[in-house]
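Peer 1: If you scroll down you'll find the structure; I have some questions about it.
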Amino acid sequence: MINASTRWAGRLVLIAAVVGTIGCDRVTKHVATTTLAGMPGRSYLADTVWVGYVENRGGFLGVGAALAPDLRTFIFTVGTGLGLIALTGLALGLRWRGWPLIGMALIVAGGASNWIDRVVRGSVVDFLNVGIGPVRTGVFTGPPKIT
């Protein structure tokens with residue numbers, strides 16, 4: 001049986017993971033905005049890592065970026081906010097513990113930071129793309145051109 005102090009310690013670790021994830025994401029996005037915006041992207045390690053400032057107005061891979069602004073706001077701001085609340089409720093309602101709960105908390109924290117971007121600026125700041133050749137992460141509205 002888990003005692004009260006162990007339960008509180010677990011909650012504190014979970015809260016620290018969520019706050020740390022959101023905090024680190026906000027800081028790196030601020031650095032990207034202040035140092036990369038308006039600059040050409042940079043490629044490192046034979047184009048394995050690409051760093052550049054991009055604002056994604058759509059969802060994953062820029063899907064929906066061409067929608068009317070009001071519809072896009074509704075889907076990606078209101079819809080995402082409701083989705084994050086639903087995921088949090090699901091994890092708590094199912095009484096997840098351990099790694100599944102930490103995993104869901106990190107997913108929700110990353111989504112919450114992107115949601116903050118959408119509320120504040122209407123788009124999500126992205127700046128990192130990794131991969132080998134044409135196999136790349138789907139971070140941007142369009143990956144860097146592979147030559």
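The values are calculated or read from the model by the stated rules, or taken from the named source; none is laboratory data. Just so it is clear, the model here is predicted, and its values are computed rather than measured. Ideal geometry is used to build each Cβ from the backbone, glycine not excepted, and the neighbour counts take in all protein chains shown.
Peer 1: Within the stretch 60-70, how many residues are in a helix (DSSP H, G or I) and either aliphatic (A, V, I, L, M) or exposed (fewer than 12 other Cβ atoms within 10 Å of the Cβ) (or both)?
Peer 2: 4
Peer 1: Something else now. Of all residues in the stretch 129-147, which are in contact with a strand residue (DSSP E or B) (Cβ under 6 Å, 6 or more places away or on another chain), of a type in the set (A, V, I, L, M, F, W, C) and modelled with pLDDT of 85 or more?
Peer 2: The answer is VAL130, and nothing else.
Peer 1: State which residue pairs qualify: first residue under 19 Å from THR28 (Cβ atoms) and inside the stretch 38-54, second residue buried (at least 16 other Cβ atoms within 10 Å of the Cβ) and among the charged types (D, E, K, R) in any location, beta carbons under 9 Å apart, and separation of 6 or more residues or different chains.
Peer 2: TRP50/ARG136; GLY52/ASP126; TYR53/ASP126; VAL54/ASP126
Peer 1: Can you name the residue in the stretch 71-108 that is closer than 24 Å to SER123 by Cβ and in contact (Cβ under 8 Å) with a residue 60 or more places away in the chain and, of all such residues, is surrounded by the most Cβ atoms within 10 Å (Cβ to Cβ)?
Peer 2: Going through the qualifying residues, I end up with VAL108.
Peer 1: Here is a further query. Please go through the stretch 116-133 and give me each residue that is surrounded by fewer than 19 Cβ atoms within 10 Å (Cβ to Cβ) and part of a helix (DSSP H, G or I), ordered by number.
Peer 2: Those that are surrounded by fewer than 19 Cβ atoms within 10 Å (Cβ to Cβ) and part of a helix (DSSP H, G or I): ILE116, VAL119, VAL120, ARG121.
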